[in-house]
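Enquirer: Here it is, the structure, as structure tokens.
The values are calculated or read from the model by the stated rules, or taken from the named source; none is laboratory data. The structure displayed is predicted, hence computed values, not measured ones. Cβ: placed from backbone, ideal geometry, glycine included. Neighbour counts: every protein chain shown. Accessible surface areas use protein heavy atoms only, side chains included; no ligands, DNA or RNA. Shrake-Rupley method; radii C 1.70, N 1.55, O 1.52, S 1.80 Å.
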Amino acid sequence: MRTLKLLVPVLLAAAAAPSAVRAQACLGLPSFANGSVHLNVAGEFPDSATAYAVGIGAGKQDALFANLGGGLVEFEGYDQTSKFGFLEFGYQLPLGPARLCPIGGGTYAVGPDDETFGLKVTSRSATGGLALGLPIGMGAFRLIPNAAVKYDHTSVKFDEEGIGSSRETYKTGIVDVGLGFVFFDRISIQPLAHIPIYSNIDDDKVSYGVFGSFSFGWRAR
């Protein structure tokens, strides 16, 4: 059980991937002006793990938007994986040339488990914060430097056969810093850094990810 508990900080860092499978200029990805539906993908690379996520988003420009999806976390040197699902939402507000978004969401994950000891792990997390993006450029190409300040509350439950269950709670303040490269307001790719500014997790580190989005569907102005 101790080995699995040592993986928890890595699991939480890897699960940051869904927090960037999102859309709107405040988050550095295409707006919903030219396409009301977005297909979003992400890869997150914390220390000793790799996370992948995919989501479908929908919304309107400078209005409410939401994203639903799931993903997988693989751990270096460990056969078991963690699988998660997530729901995110936000509301974009014009702020001069910039865009501001209150954002929130939740994640539910299962694993990694240890069948040898009859151990099962599940986790739930809730996140809320503010994001700000500044679109630069016109026409076919734009840069969108962006940042978000978020608070994450995660509860991890350990169920061990013959012993019972225990629960641990983790609280983290995070700053996300990204640079979105947006083409034709339809396609984007974005590197992003997740910087912990407060955490009760031992040895919490900066992690990095890459995120992409493709918008389609009808115009939603």
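Enquirer: Say we look at segment 107-121 and pick out the residues that are in contact (Cβ under 8 Å) with a residue 60 or more places away in the chain and among the hydrophobic types (A, V, I, L, M, F, W, C); which of these is nearest to K83 (Cα to Cα)?
Expert: Top of the filtered list is A109.
Enquirer: Is it fair to say I174 is hydrophobic (A, V, I, L, M, F, W, C), open to solvent by 20 Å² or more (accessible area, probe 1.4 Å) and more than 15 Å from the chain's Cα centre (by Cα)? Let's see the steps before the verdict.
Expert: Numbers: hydrophobic (A, V, I, L, M, F, W, C): yes; open to solvent by 20 Å² or more (accessible area, probe 1.4 Å): yes; more than 15 Å from the chain's Cα centre (by Cα): no.
Taking the combined requirement at face value, the residue does not satisfy it.
Enquirer: Related question: Can you confirm whether I144 is in contact with a Pro (Cβ under 6 Å, 6 or more places away or on another chain) and either surrounded by 17 or more Cβ atoms within 10 Å (Cβ to Cβ) or farther than 24 Å from D114 by Cα (or both)? Please lay out each step first, then the result.
Expert: On the way: in contact with a Pro (Cβ under 6 Å, 6 or more places away or on another chain): yes; either surrounded by 17 or more Cβ atoms within 10 Å (Cβ to Cβ) or farther than 24 Å from D114 by Cα (or both): yes.
Against the criterion (in contact with a Pro (Cβ under 6 Å, 6 or more places away or on another chain) and either surrounded by 17 or more Cβ atoms within 10 Å (Cβ to Cβ) or farther than 24 Å from D114 by Cα (or both)), I144 qualifies.
Enquirer: Further question on the same structure: Which residues, taken from segment 106-126, are hydroxyl-bearing (S, T, Y), open to solvent by 40 Å² or more (accessible area, probe 1.4 Å) and under 21 Å from F89 (Cβ atoms)?
Expert: At the first step, the residues of segment 106-126 found to be hydroxyl-bearing (S, T, Y) are 107-108, 116, 122-123, 125.
Okay, now just the ones that are also open to solvent by 40 Å² or more (accessible area, probe 1.4 Å), so 108, 116.
Listed by number, the list holds a single entry, Y108.
Enquirer: Here is a follow-up. What's the number of the only condition in (1) over 30 Å from R167 (Cβ atoms); (2) hydroxyl-bearing (S, T, Y); (3) modelled with pLDDT under 90 that S123 fails to meet?
Expert: All conditions are met except number (1).
Enquirer: What about S155, is it polar (S, T, N, Q) and crowded, with 21+ Cβ neighbours inside 10 Å? Step through it out loud before you land on a result.
Expert: Details: polar (S, T, N, Q): yes; crowded, with 21+ Cβ neighbours inside 10 Å: no.
When the stated conditions are applied, S155 does not pass them.
Enquirer: Within segment 15-36, can one find any residue that is open to solvent by less than 10 Å² (accessible area, probe 1.4 Å), polar (S, T, N, Q) and at pLDDT 85 or above?
Expert: no
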